[in-house]
Amino acid sequence: MDLSGRRVLVVGLGRTGVATARFLVKREAEVVIIDEKPASELESAIRELGSLNVDLQLGKHNADILPRFDLVVPSPGVPPFNYLLAGALERGIPIISEIELASGFIKKPMIAITGTNGKTTTTKLVGKMLLQWGKKIFEGGNIGNPLIAFVDGKQREDYLVVEVSSFQLQWVDSFHPVISVLLNVSPDHLDYHGTFDKYRRVKERLFTNHCETDVAVLNADDPVTESLSEKIVAKVKRFSSSFKLEEGIFIDGSVLRYRDQKGRNEEYPLEGIKLPGNHNLENIMAAILVSRSVGCPRNKIIDALADFEGIPHRVEFVGVKNGVEFYNDSKGTNVDAVARALEIFSRPVILLLGGRDKGGDFTVLSSLILEKVRELIFFGEAGKQINSLVGGIVTTKITKNLKEAVNMAWNDSVSGDVVLLSPGCASFDEFTSYEARGNFFKDFVKGIKGQG
């Protein structure tokens, strides 16, 4: 793609917006960046822009500016109904995501991983396995470094392991990984996509440009992903936590058993795996399929698994106070993530739910709450809404913020309880990110006076 002299509008000045602007300027595009936030909230990003030759415009603009532009690149999280994006579509101005822009300049094989839940853990697992094998990798996308930051490097890496979100897939056209992973699809980001069907179709775009030599890794237990298997051109490889597969990987007693079309029958022992929960076994199986697909040896995979302790903010053990265990699952920003977290525990749970609602249906948690939860504490902007859906199933309390919720949970807990922050909502009513919310929770717990 020749960008020289093209007028490009970048919508949103976050980490991705800065990296995109830098990339475009280097290719002699004329770049305007628009962000509605005030300068006081963008100080870090503005410093990163430095003396870069871009036109930064803050505040709301009229869509009448759009005819000036040849291309629009939205930052992740800018919804398709945003007035600038809707206006660009009406005027026929191309909209592409940063990963679409970057992919046209990438020469190395790309492994792309998406799903409603588990994509960060799986991305990290694949990266660790390939590093254990001695390969050089770029790890990024929706986590860490934007994909576009890779393009202007020396591109000496053997593989790119890229987490991809539905926000990024919303605006792809020619994006083409050699291995694509769809872990699961359940309702999420409905405030962004509008309906579950639209969300599902965006996830499916990951496979649009596959050819027969590519690989698609699918969850055989997930009806949405399994329904894709007949449509995909690539070689399909499946994982299952529910039944044995003739070809693929599945749980078989004390091992994960991998069978391939060449007759290989490999075992990966569950003993020594540190990640809790059935959902993490699914992430591990997906990572094994990816790593074996590129030739990573079995022993290197086993070594990597033994050394992997998970990611921050995903059912992360924080500590124990007077016999009460605290877990931080701030990354659990949708209903399905809450369910997966609850399934891990056999001890009574005090569950903290709340934040900014993303359109999730909390009623599906009802039976699991009855089985696992001793007390519900709702907090934040969505507290009353969630209470109207599942409040009263067990002892229920509502409070205005996370600090009060944690304090309430501590006061109500007894030895043997688990206090679980698994909010099922975005963090943006009170915090800048799920990481900030999780770090607040961890700091608060560490400050509780009690015996560990």
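The values are calculated or read from the model by the stated rules, or taken from the named source; none is laboratory data. On a predicted model such as this, the values are computed, not experimentally measured, just so you know. Note that each Cβ is placed from the backbone with ideal geometry, even for glycine, and that neighbours are counted across all protein chains shown. These accessible areas exclude ligands, DNA and RNA; they are computed on the full protein's heavy atoms, side chains included. Shrake-Rupley method; radii C 1.70, N 1.55, O 1.52, S 1.80 Å.
Touching a residue at least 40 places away in the same chain (Cβ under 8 Å) and farther than 25 Å from ASN219 by Cα - does that describe any residue in segment 110-131? No: zero hits.
State whether one or more residues within segment 290-305 are at pLDDT 95 or above, in a helix (DSSP H, G or I), open to solvent by less than 20 Å² (accessible area, probe 1.4 Å) and polar (S, T, N, Q). Within segment 290-305, one or more residues are at pLDDT 95 or above, in a helix (DSSP H, G or I), open to solvent by less than 20 Å² (accessible area, probe 1.4 Å) and polar (S, T, N, Q).
Residue pairs whose Cβ atoms lie under 7 Å apart, sitting 6 or more positions apart in sequence or on different chains, and linking a residue in segment 140-158 that is farther than 21 Å from THR122 by Cβ to a partner that is assigned to a loop (DSSP other than H, G, I, E, B) and open to solvent by 40 Å² or more (accessible area, probe 1.4 Å), are VAL151/PHE105; GLN155/LYS107; GLN155/LYS108; ARG156/LYS136. Tell me yes or no: at least one residue of segment 172-189 is closer than 24 Å to LEU85 by Cα, aromatic (Phe, Trp, Tyr) and at pLDDT below 95. Scanning segment 172-189, I find no residue that is closer than 24 Å to LEU85 by Cα, aromatic (Phe, Trp, Tyr) and at pLDDT below 95, so the answer is no.
Determine if segment 271-281 includes at least one residue that is touching a residue at least 12 places away in the same chain (Cβ under 8 Å), touching a strand residue (DSSP E or B) at 6+ places or on another chain (Cβ under 8 Å) and open to solvent by less than 10 Å² (accessible area, probe 1.4 Å). Scanning segment 271-281, I find no residue that is touching a residue at least 12 places away in the same chain (Cβ under 8 Å), touching a strand residue (DSSP E or B) at 6+ places or on another chain (Cβ under 8 Å) and open to solvent by less than 10 Å² (accessible area, probe 1.4 Å), so the answer is no.
What residue, of VAL73, VAL54, is aliphatic (A, V, I, L, M) and open to solvent by 30 Å² or more (accessible area, probe 1.4 Å)? Give the steps one after another, and end with the answer.
Working: VAL73 fails: open to solvent by 30 Å² or more (accessible area, probe 1.4 Å).
On inspection, the qualifying residue turns out to be VAL54.
The residues of segment 4-53 that are in a loop (DSSP other than H, G, I, E, B), at pLDDT below 95 and of a type in the set (A, V, I, L, M, F, W, C), listed by number, are LEU13, LEU42, LEU52. For segment 93-107, filtering for residues that are within 23 Å of ARG156 (Cα to Cα) and open to solvent by less than 10 Å² (accessible area, probe 1.4 Å) leaves 4.
The residues in segment 187-214 that are open to solvent by 20 Å² or more (accessible area, probe 1.4 Å) and either touching a residue at least 40 places away in the same chain (Cβ under 8 Å) or at positive phi (or both) can be counted, and the count is 5. Checking the structure you have, find out if any residue of segment 347-358 is of a type in the set (Val, Ile, Thr) and within 24 Å of the chain's Cα centre (by Cα). No, segment 347-358 contains no residue that is of a type in the set (Val, Ile, Thr) and within 24 Å of the chain's Cα centre (by Cα).
State all residues of segment 128-139 that are out of contact with any helix residue (DSSP H, G or I) (no Cβ under 7 Å at 6 or more places or on another chain) and of a type outside the set (A, V, I, L, M, F, W, C); if no residue qualifies, say none.
If the condition is that a residue be out of contact with any helix residue (DSSP H, G or I) (no Cβ under 7 Å at 6 or more places or on another chain) and of a type outside the set (A, V, I, L, M, F, W, C), then GLY134, LYS135, LYS136 are the ones that fit.
What helices (runs of 4 or more DSSP H), lying completely within segment 333-452, carry at least 3 residues that are open to solvent by 10 Å² or more (accessible area, probe 1.4 Å) and over 18 Å from PRO276 (Cβ atoms)?
Those helices (runs of 4 or more DSSP H) span 366-372, 383-390, 402-412, 434-446.
Scanning segment 6-46 for residues that are open to solvent by 90 Å² or more (accessible area, probe 1.4 Å) and either under 27 Å from the mean Cα position of the chain (by Cα) or among the aromatic types (Phe, Trp, Tyr) (or both) yields ARG15, ARG22, GLU36, LYS37, GLU41, GLU43.
Filtering segment 233-255 to residues that are in contact with a His (Cβ under 6 Å, 6 or more places away or on another chain) and surrounded by fewer than 16 Cβ atoms within 10 Å (Cβ to Cβ) leaves only VAL233. Scanning segment 219-248 for residues that are closer than 22 Å to GLU267 by Cβ and touching a helix residue (DSSP H, G or I) at 6+ places or on another chain (Cβ under 9 Å) returns ASN219, ALA220, ASP221, LYS237, ARG238, PHE239, SER240, SER241, GLY248. Residues that are open to solvent by 20 Å² or more (accessible area, probe 1.4 Å) and of a type in the set (Gly, Ala, Ser) within segment 306-325 comprise ALA306, GLY310, GLY323, listed in sequence order.
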